[in-house]
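Here the structure comes first, spelled out in structure tokens, and everything after it is commentary.
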Amino acid sequence: MRILGIETSCDETAVAVVENRTSVLADFVYSQTDHEEYGGIVPEIASRQQLRKIMPLFEACKSRYQVTPENIDGIAVTSGPGLIGSLMVGLNFAKALAYGWGIPFIGINHLEGHIFANCLADPDLQPPLICLIVSGGHTLLVEVAAWGEYYVLGATRDDAAGEAFDKVAKLLGLGYPGGHKIDKLAREGDPEFAKFPTPQFKTGAYEFSFSGLKTAVALYLKEQQEEFVQSHLDDICAAFQENVVSVLVDTTLRAAQDRGITTVAVGGGVAANSRLREVFRRRCDGAGIRSLFPDLRYCTDNAAMIASAGCFRLERGDRSELNLKAVPYWPLGG
Ligand code: KG4
Ligand code: ZN
């Protein structure tokens, strides 16, 4: 089954063609840079840019792969969660195409897309598995009992992991988004340089919290001379990042061991973090657990992961109606 995927949930416009869930035939992503000067996403700008970019991206995709109603079996589009204005651009585009071409379409939960990004890395991947979704908007631990059957074991109580990276990057004057910049600087730094607090939860919980960590970094920076901070940017980044990475890895491994699950997958923009990938691999190998990460380009938002999830859903007969609405809030499994 060959599916056209469309993703416009936030500040990436993406179009892709995926065959049989795992084979990417075409894949285009445009990342907006307009938000940098505002230090965060401006929803009105995001949706306007989605409108500008969706057609050129679709045309680019057509030039790589002949996208015609004869070649495509269905359309998968992110219909939530995300920014409502951005979501509507992709959803309306997908509806118009599906109606005009007379082919089925399906609205996909963006978070399910991040899980399916792992199928692009391993075509033979099969549940049960634990998936950690870590992005700019979400941090949650999911038990994938079967494809389409998800149990959220825990989530963040406040900031998402990517949000913490972005906020700390902003405090350090690194610009927005700053996750990849912290990752790069931290490679040269000492993770033991400073000790930031780790939140404690009741035994057995799989929750996360990052807003206290961000505040601790802010207070630490306030106490230091600017010159000291500038000369130790790499160390501060490494110490902050180490804190996030160990909390994410500890909690995920504990969940896998408690549930007797031997495969752990990671998805979302923060899954691109080099230290997270390294520590996950090492700790999972030591515990006899298999760890899996999408390729870097499929960690951040893309349409191939949406097409992959769409293949699964359309294959099993799921269909959306043309009156489907975009939803800003859509819990996984709900
Ligand atoms: O999945 P994504 O593209 O969008 C959302 O669905 O939110 O994730 C974007 C997030 C941003 O917060 C960005 O700073 C973070 O992923 N990110 C990283 C890295 N690359 C992107 N965080 C840490 N290390 C990275 N290498
Ligand atoms: Zn995402």
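The values are calculated or read from the model by the stated rules, or taken from the named source; none is laboratory data. None of the values given here were measured: they were computed from a predicted structure. Cβ atoms come from the backbone with ideal geometry, glycine included; neighbour counts cover every protein chain shown. The accessibility values were calculated without ligands, DNA or RNA, using every heavy atom of the protein model including side chains. Shrake-Rupley method; radii C 1.70, N 1.55, O 1.52, S 1.80 Å.
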Practice task
Compare the Cα positions of S9, Y38, S23 along the charge dipole of the range 1-61 (+1 at Cβ of Lys, Arg; -1 at Cβ of Asp, Glu; about the Cα centre) and return the one farthest towards the positive end.
Solution key: S23
Exercise for the section: Enter the angle in degrees (range 0 to 90, nearest 10) between the Cα long axis of helix 161-171 and the first principal axis of the Cα atoms of the chain, meaning the one along which they spread out most. Expected result: 60
Practice task
Pick out, in residue order, every one of the chymotrypsin sites (Phe, Trp or Tyr not before Pro) in the range 197-292 that is DSSP loop and has at most 12 other C-beta atoms within 10 Å; say none if there are none.
Solution key: none
Exercise for the section: Enumerate the amide H contacts of S291 below 5 Å, restricted to partners 5 or more residues apart or on another chain; note that Pro and chain-start residues carry no placed amide H. Expected result: V264
Exercise for the section: Using the Karplus curve 6.51 cos²θ - 1.76 cosθ + 1.60 with θ = phi - 60°, work out ³J(HN,Hα) for each residue of the range 138-154 in order, rounded to whole Hz, and write x for Gly and Pro. Expected result: 9, 9, 8, 10, 10, 8, 9, 6, 7, 4, x, 10, 10, 10, 7, 7, x
Fill in the blank from the handout: Filtered pair list for the chain (Lys only, Cα < 19 Å, 8 or more apart or interchain) has a length of 18
Exercise for the section: Name the residue farthest towards the positive end of the dipole of the chain from the options S231, A60, I108, assuming +1 on Cβ of Lys and Arg, -1 on Cβ of Asp and Glu, about the Cα centre. Expected result: I108
Practice task
Skip the ligands, DNA and RNA, and give the accessible area per residue of the chain with a 1.4 Å probe, whole Å².
Solution key: 43
Practice task
Search the structure for amide H atoms under 5 Å from the amide H of G178, placed 1.01 Å from N in the peptide plane, and list their residues when 5 or more places away or on another chain.
Solution key: D166
Problem - Long-range amide H partners of L25 with built H, under 5 Å - result: V17, V18, E19
Completion exercise
On each of the three principal axes the extent of the alpha-carbon atoms of the range 16-85, given in whole Å and largest first, is 42, 25, 19
Fill in the blank from the handout: Magnitude of the Cβ-charge dipole (Lys and Arg +1, Asp and Glu -1) of the range 146-279 about the Cα centre, nearest 20 debye, reported as 300
Fill in the blank from the handout: Here the range 273-282 yields Karplus 3J(HN,Hα) values (6.51, -1.76, 1.60; θ = phi - 60°; whole Hz; Gly and Pro given as x) of 5, 5, 5, 4, 5, 5, 5, 4, 4, 5
Problem - the chain - charge dipole about Cα centre, Lys and Arg +1 at Cβ, Asp and Glu -1, debye rounded to 20 - result: 540
Fill in the blank from the handout: Two pseudo-spin positions, 7 Å from Cα along C-beta at D285 and at T203, lie apart in nanometres by 3.3
Problem - Calculated P(r) tail over 14 Å for the range 243-285, as whole % of Cα pairs - result: 44
Handout entry: Relative contact order (%) - the chain, alpha-carbon pairs under 8 angstrom, separation at least six
Key = 26
Completion exercise
One finds the C-alpha centres of the range 5-33 and the range 300-330 to be spaced, in Å, by 12
Fill in the blank from the handout: HN-Hα couplings for the range 7-20 via Karplus (6.51, -1.76, 1.60; θ = phi - 60°), in whole Hz with x for Gly/Pro, come out as 9, 9, 6, 9, 10, 10, 9, 9, 9, 8, 10, 10, 10, 6
Handout entry: the range 127-296 - convex hull of the alpha-carbon atoms, volume per residue in Å³
Key = 107
Handout entry: Protein accessible area in the range 127-296, 1.4 Å probe - carbon and sulfur %
Key = 49
Fill in the blank from the handout: Share (percent) of C-alpha pair distances in the chain greater than 34 Å works out to 24
Completion exercise
The relative contact order of the range 69-130, taking Cα pairs under 8 Å that sit 6 or more residues apart, comes to a percentage of 38
